[in-house]
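Comments concern the structure below.
Read-outs: derived from the displayed coordinates by stated rules, not from any lab. What you see is a predicted model; the values in this text were computed from it and never measured. Virtual Cβ from ideal backbone geometry, glycine too; neighbours counted across all protein chains shown.
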Amino acid sequence: MLALHGSRAELLPEIAGSACYRTTPGLDLRSLPVDGVHRAVIRRMRDQPLSVRDIVDFSGLRPEAVARLLNALYLQSGLIVSRTLPRPSDSWLAGLGLRRRDG
């Protein structure tokens, strides 16, 4: 509950960065205090890994709300994080002026 409604509006460092997210197979939605939009996101994350951008586009939630949801799932041991290779358009990479090297 605190993660969903607290002041932290960014992803926890443990799950931040270039990643896709899925929910764990045994996640019990009955014990989570979430609304219909959050439940739809969680159900979709059971079927396929989603990036923060994917979740924002699918759900219409603001990025801060998505971060709070992912943080809550992580803190409940209900989140699987899959790391991906950074793209040049990723904000942290673009802000440093770095480019991805091929090969």
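Using a simple spin-label model with points 7 Å from Cα along the Cα→Cβ vector, what separation in nm is obtained for SER18 and ARG83?
Distance between the two pseudo-spin positions: 1.1 nm.
Only loop residues by DSSP count here, and only those with at most 15 other Cβ atoms within 10 Å; note down the GluC sites (Glu not before Pro) in segment 5-64 that meet that.
Numbers: sites: GLU10, GLU14, GLU64; in loops: GLU10, GLU14.
Hits after loop and neighbour filter: GLU10, GLU14.
What distance in nm lies between label points placed 7 Å from Cα along the C-beta direction at GLN76 and SER7?
For the pair GLN76/SER7, the computed spacing is 2.4 nm.
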